[in-house]
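Single-structure report; data block below.
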Amino acid sequence: MANDLRLTTYRRLVETIVSLGIPTLTVRDFIRAKPEGDMCILRHDVEWGCGRSLAVARIEAELGVRATYYFHGQHRPRVFLPGEIAKFAALGHEVGYHHETLDQCRGDFDAARRLFIDNLAAFRRAGLTIDTVCSHGNPRVRKVGYKVNYDLFKRYPELLAEQGLLGESYMEGRPPEMFSSSDTGARITAFRLAKTVHIPGASVQGLIDTLAAGRDRRLHILTHPDYWSDGALRANALSLAGRLAHLATSTLKRLKRI
Ligand SMILES: [Zn+2]
């Protein structure tokens, strides 16, 4: 478990998916075709910089796999680097916009709508094709009048189509019956949207074992490549930080109930 967040482990996970013959899809592919049967949607949120994500994108391209990478907008200049983002598209991956305009605008829906349109236009002005978007979740931002950033499209149901978008990853790109795995907070979890089912050991190896056992063949895998690296030291430190942060949050929740 300690070495979960190493690129070599990620490569093994993708190799397992490929060797099992499970087709991999981008979010765009999925929303367009809504295929039945075996499949794995691979989604990555790029949070801190493009470098580590590009390493992951290259591993996938080498293995013949296409994934979706969501990038923050102009307000995060270490991520919004059109020249770098174009490299992901050149490898065959889908690139999309990781939006958080309701957080940025403190719940002002009108302002968030304008900012969303503005940020999306900046991607397209830079020559990038954007067909889908995905909401960023920041637990540190207090949400007043909304719960998640994609509530924007519940207030303005026409906004996605109006902006020439196929869909939003949380709304159309992840059906409830799908087996999902996420590394949010540098902790591996696996769940169905209807009920949380933790995989053995809650690790990437556990996920590989579950897949190899043939138990689940309709999957949605989310990673944040900024957590992943080649070095064991960084991987171990992040994995420990993730576990401690989770422990702190769950202890706080319990204390609030006492
Ligand atoms: Zn995010």
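Computed from backbone phi with θ = phi - 60° and the Karplus coefficients 6.51, -1.76 and 1.60, the 3J(HN,Hα) list for the range 232-237 is 5, 4, 5, 4, 5, 5 Hz; x is used for glycine and proline. Qualifying GluC sites (Glu not before Pro) in the range 67-176, where qualification requires a DSSP coil assignment and no more than 16 other C-beta atoms within 10 Å, comprise Glu158. Backbone amide hydrogens, once placed in the peptide plane, bring Thr24 within less than 5 Å of Cys40, excluding anything fewer than 5 places away on its chain.
Across the options Leu233, Gly21, Gly73, the greatest Cα extent toward the positive end of the charge dipole of the chain (unit charges at beta carbon of Lys, Arg, Asp, Glu) belongs to Leu233. Remark: the range 202-252 carries a charge dipole of roughly 140 debye about the Cα centre, counting +1 on each Lys and Arg Cβ and -1 on each Asp and Glu Cβ. Fully extending the segment from Glu36 to Val144, taken as 0.36 nm per residue of separation minus the present Cα-Cα distance, adds 35.1 nm. Put a dot 7 Å past the Cα of Arg114, heading toward its Cβ, do the same for Ala241, and the two dots end up 3.6 nm apart.
Computed from point charges on the beta carbon alone (+1 for Lys and Arg, -1 for Asp and Glu), the dipole magnitude for the range 7-257 about its Cα centre is near 960 Debye.
Between the listed residues Met39, Phe123, Ala212, the Cα displaced farthest toward the positive end of the dipole of the chain, a dipole computed from Cβ unit charges relative to the Cα centre, is found at Ala212. Normalised by residue count, the range 7-257 yields a Cα convex hull volume of 132 Å³ per residue. Centre-to-centre separation between the Cα atoms of the range 81-103 and those of the range 106-163: 15 Å. Once the Cβ-Cβ distance of Ala212 and Ala61 is raised to the sixth power relative to R0 = 22 Å, the FRET efficiency obtained is 0.40.
Read-outs: derived from the displayed coordinates by stated rules, not from any lab. Quick caveat, the model's predicted, so the values are computed rather than measured. Positions of Cβ are generated from backbone atoms using ideal geometry, with glycine treated the same way; all protein chains shown enter the neighbour counts.
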